[in-house]
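The values are calculated or read from the model by the stated rules, or taken from the named source; none is laboratory data. For clarity, every value in this text was computed on a predicted model and none was experimentally measured. Reconstructed Cβ throughout: ideal geometry from the backbone, glycine too, with neighbour counts over all protein chains shown.
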Amino acid sequence: MTAKRKVGILISGRGSNMQSLARAMATPNFPAEPAVVISNRPEAEGLDWAAERGIPTVTIDHKAFATRMAFEARLHQSLLDHGVDLICNAGFMRMLTGSFVDRWRDRQLNIHPSLLPAFPGLKTHERVLQQGILITGCTVHFIRTEMDAGPIIAQAAVAVLPSDTPETLGARVLKAEHKLYPLALRLVASGQATVENETVKFTLEPQEPMPLFVPASNLTTLG
Ligand code: GRF
């Protein structure tokens with residue numbers, strides 16, 4: 001078996017996607033392993049969860065740095081110090097400059113709670129409900145300098161219910177995120193998903209179907 005990819009997970013808060021990635025990486029034959037969890041916020045709840053499971057954790061408080069470049073230089077060095085070769089942003093709430101993004105080009109993933117390119121940015125579920133959209137979802141993509149943009153690796157669709165509030169819809173999309181992010185990481189870490197001409201090319205094995213649609217009547221399949 002080829003060496004596992006070493007993953008640095010960037011968080012800013014709760015870290016539920018970080019947990020789903022770490023759990024997946026703990027399963028047999030997963031082609032990646034967690035090298036470090038880094039938070040830009042000292043109070044991020046996810047840090048304790050990771051530390052309790054023996055995953056190295058680092059806090060790099062962005063407020064302690066005079067410039068974005070200085071913060072990113074420390075972040076970059078910490079990733080290198082932990083042998084990271086693949087980054088997963090998981091609720092990491094800092095915009096990264098072009099210089100950092102280029103250093104990790106095609107080696108940095110992000111998850112976003114909408115079907116990109118629709119609804120980049122914050123408050124996605126509020127905007128979906130306001131606009132009467134009937135199907136939303138989540139996207140894992142390679143990071144580019146523009147916010148919530150870059151070659152798409154995986155998407156899952158989630159039906160919007162008439163009774164939904166931003167909270168209920170967000171909770172359902174989050175469950176889909178927890179399924180989707182490990183799948184996308186597996187595809188990238190195993191070399192089954194690579195970037196060519198700014199789109200992702202797949203060499204999917206037949207037993208790895210992508211969870212493309214989550215019908216409202218069948219939401220328990222994500223449980
Ligand atoms: C998720 O909805 C993710 O898509 C977005 O931020 C949220 C982070 O949640 N980028 P968590 O910290 O992973 O629980």
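Observations, loosely collected:
- Gln108 being under 20 Å from Leu10 (Cα atoms) and surrounded by fewer than 18 Cβ atoms within 10 Å (Cβ to Cβ): no
- Check on Gly98, within 23 Å of Glu196 (Cα to Cα), loosely packed, with under 15 Cβ neighbours inside 10 Å and not assigned by TED's automatic domain parsing to the domain that holds Arg186: yes
- Inclusion of Pro166 among residues that are within 15 Å of the ligand (Cβ to nearest atom), at pLDDT 95 or above and over 14 Å from the mean Cα position of the chain (by Cα) is warranted.
- Residue count for region 1-23, restricted to those that are away from the ligand (no atom under 11 Å from the Cβ) and farther than 11 Å from Cys88 by Cβ: 6
Rundown of residues vs (1) closer than 17 Å to His178 by Cα; (2) among the basic types (Lys, Arg); (3) within 13 Å of the chain's Cα centre (by Cα), yes/no style:
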position	(1), (2), (3)
Ala3	no, no, no
Leu21	yes, no, yes
Met25	yes, no, no
Asn29	no, no, no
Trp49	yes, no, no
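- Residues in region 88-107 that are more than 12 Å from Glu72 (Cβ to Cβ) and more than 11 Å from the ligand (Cβ to nearest atom): Arg105, Asp106, Arg107.
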